[in-house]
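Just so it is clear, none of the values below were taken in a lab; they were calculated from the coordinates. Note that the coordinates shown come from a computational prediction; the quantities given were computed from them, not determined experimentally. Counting neighbours? That spans all protein chains shown, and the Cβs are built from the backbone with ideal geometry, glycine included.
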Ligand code: ADP
């Protein structure tokens, strides 16, 4: 039995079918152009989806569509990228599919976010490789020097430097693992606990480090239990990173203060220091991975450039807010405001 040749009759013919087709097509995240073999446009929905943002965008998309439709090249599928340098930067992919003898279909897709993510990933891989390469390279050189060293004091010094570089590698890998675990927002483990115990644990953890840096480390907490719902491990990691920074970027003799305040629906964890401060122009960027104001100082004090990205993600996971106030030469305060009932409260 002959299968009937699918004919243009499959195109919507009645008003009801046409309306159905239009509303189905308008929900698709693509711009669509359908053209019959004679080049008549049967359906076009591009401008409503992507044309309103700028005249330039409209013109460039229109031109790409026209070029592909009139492409004398084979009857195969062809595509072309349309780049708008913005800001914001936008990238569209315009694809033409040949529908045998029945016409041509153009699909326009906004791939800006995909391209942006690809570039973030590439930058991240490049940054990680660079960060790993430095200590690994140093360990190789130091080990080679050690192999040829007979003098015990120099050999001892080389060994210590290998240990230091190894520590740096271990810190970097551990921060990367923390970051990827925390970025995976679904892995948040919620429990109710007294936020005072969190402050106390972090203060204890940094007591010795602060003493060695000749800094006073204070903790100010309410006298009554301050219950909060959150991921204790993540919040401890965030607070530890802030205290670690406050110590690293302070001069001897200063004070670092961790404080906890609470209202009915919010707790505020703050870390204040009297250190070097952060220039206003860098304040927006310090939460990016590997961004450092002074790379040499960060590295010299064991920084990985990942601490504040971890803090930002923890706050996002808790649907909280993060504030920074800072003045160069005077000090900085980082403040985390978290809903007491946890991230799912009221949703
Ligand atoms: P790092 O490991 O380099 O400390 P972070 O992500 O924790 O990385 O911080 C990013 C940068 O922000 C630091 O390199 C430093 O320049 C700046 N910074 C962070 N906290 C402070 C602070 N308390 N005082 C001054 N500068 C800070």
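Summary table below
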read-out: Peptides 47-53, 213-219 ordered by average Cβ neighbours within 10 Å, highest first; value: 213-219, 47-53
read-out: Backbone N under 19 Å from the residue 23 label point (7 Å along Cα→Cβ), restricted to segment 35-76; value: 44-45, 49
read-out: Relative contact order (%) - criterion: Cα under 8 Å, at least six apart; region: the chain; value: 11
read-out: Among beta bridges that DSSP assigns inside segment 190-298, antiparallel share in %, nearest 5; value: 70
read-out: Mean separation of Cα contacts under 8 Å, 6 or more apart, over the residue count of segment 188-339: relative contact order %; value: 24
read-out: In degrees, nearest ten, helix 152-183 long axis to first principal axis of the chain (Cα); value: 40
read-out: Order by protection proxy (mean Cβ within 10 Å, highest first), peptides 26-32, 243-249, 94-100; value: 243-249, 94-100, 26-32
read-out: Helical contribution to [θ] at 222 nm, DSSP H n ≥ 4, -39,500 (n - 2.57), averaged over the chain, rounded to 500; value: -14500 deg cm²/dmol
read-out: Shape call, segment 278-327: gyration tensor on alpha carbons, a/c limit 1.5; value: oblate
read-out: Rh by Kirkwood over Cα pairs, then Stokes-Einstein D for the chain at 1.567 mPa s and 4 °C, µm²/s; value: 51
read-out: For segment 284-327 versus segment 107-122, the gap between their alpha-carbon centres in whole angstrom; value: 26
read-out: Cα gyration tensor, segment 18-112 - rounded (a/c under 1.5), prolate or oblate; value: oblate
read-out: Cα-based shape type of segment 224-341, given that a ≥ b ≥ c are square roots of the gyration tensor eigenvalues and the cut on a/c is 1.5; value: prolate
read-out: Cα-only radius of gyration and Dmax that characterise segment 63-108, units Å; value: 12.1, 41
read-out: Value of relative contact order over segment 53-141, rounded to a whole percent, pairs C-alpha under 8 Å and six or more apart; value: 19
read-out: Translational diffusion coefficient (Stokes-Einstein; Kirkwood radius from C-alpha pairs) of segment 33-74 at 10 °C, 1.306 mPa s, in µm²/s; value: 142
read-out: Cα-based helix-to-principal-axis angle, 307-317 vs the chain, degrees rounded to 10; value: 60
read-out: Cα point-scatterer Debye curve for segment 238-277, base-10 log of I(q)/I(0) at q = 0.15, 0.26, 0.31 Å⁻¹; value: -0.38, -0.82, -1.02
read-out: Crossing angle, helix 112-147 versus the chain [Cα axis fit, 0-90 degrees, rounded to tens]; value: 40
